[in-house]
Amino acid sequence: MKKILTSFLIMFCTVIFAKASDMPDLKYKNIDIKDKITYDIETNTWAKNTDKKNLNYFMKVKGFGDFYDYLDSEQNFAFTTNCEYELIHNNTLIGYSNRDMKFYEILYDNKTVGKRALTKEEVGAILPEYKIISLSDFSPKTNSLKIKKNFSAMKVFLFNDTEDTFDGYTFTSGNSKFEQYDLRGFLTVYKPGMVQFSSPDGQNDKRWYVLLIR
């Protein structure tokens, strides 16, 4: 039944893609290729285009696959975030992982890099224009969640509060008009209906999620 439903939705799907750097209403500009960022070890803060002098910078370059690396001011490899998208918010370096569908704070200490997953409240502060829906909110029996559409264009972000990963997942629908983006889990809904978030090939028979938008 799942495969039939998924095939039906894909047949009638109309999807519009946009570059991750063009994410609507994401207030903090994406760090682009060749951009330089600095880290102040005394204040434990990150910045772009800082006026402070004598701070070593890191320059973003293309890394392996969809990820990016950062070179130090001597053009040596410094670190990678293993994220497809990065920004600086409140002097904190933030990365977004499509595979995990999570925002991370990038922790840098004496050339050692770590990550801390942001909470739903922290993500909400970055995305104030989005309705943030936790994956744990979906019914475990029907895989569905009913939400009410109050505006002409409703921006939604699926917040992954599970241990699952989402390689290859996309949104599909047979009756709802929507737009999705290169950043997985984001969509803008223009017309009510049913939207399914799933892996098209049903790989490993992973769980799928259905938004019932009224």
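Tabulated values for the structure
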{"read-out": "Single match in 177, 155, 149, 191 (criterion: at pLDDT below 90 and touching a Lys or Arg at 6+ places or on another chain (Cβ under 7 Å))", "value": "149"}
{"read-out": "Single residue of segment 105-137 satisfying the filter (of a type in the set (Ser, Thr, Tyr) and more than 22 Å from residue 209 (Cβ to Cβ)) that is surrounded by the most Cβ atoms within 10 Å (Cβ to Cβ)", "value": "108"}
{"read-out": "Of residues in segment 179-198 being assigned to a loop (DSSP other than H, G, I, E, B) and in contact (Cβ under 8 Å) with a residue 60 or more places away in the chain, the one nearest to residue 120 (Cα to Cα)", "value": "185"}
{"read-out": "Boolean, residue 143 is within 23 Å of residue 199 (Cα to Cα) and surrounded by fewer than 16 Cβ atoms within 10 Å (Cβ to Cβ)", "value": "yes"}
{"read-out": "Count of segment 76-98 residues which are surrounded by fewer than 16 Cβ atoms within 10 Å (Cβ to Cβ) and either assigned to a loop (DSSP other than H, G, I, E, B) or not assigned by TED's automatic domain parsing to the domain that holds residue 60 (or both)", "value": "3"}
{"read-out": "Only one of 144, 199, 134 that is modelled with pLDDT under 95, of a type in the set (S, T, N, Q) and not assigned by TED's automatic domain parsing to the domain that holds residue 103", "value": "199"}
{"read-out": "Pairs, first of a type in the set (Gly, Ala, Ser) in segment 128-155, second outside any loop (DSSP other than H, G, I, E, B), C-beta under 6 Å, six or more apart", "value": "134/159; 144/210; 144/212; 153/188"}
{"read-out": "Which listed residue, of 69, 100, 109, is over 15 Å from residue 58 (Cβ atoms) and of a type in the set (D, E, K, R)", "value": "100"}
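The values are calculated or read from the model by the stated rules, or taken from the named source; none is laboratory data. Source: prediction; values computed, not measured. Every residue, glycine among them, receives a Cβ derived from its backbone with ideal geometry; neighbour counts consider all protein chains shown.
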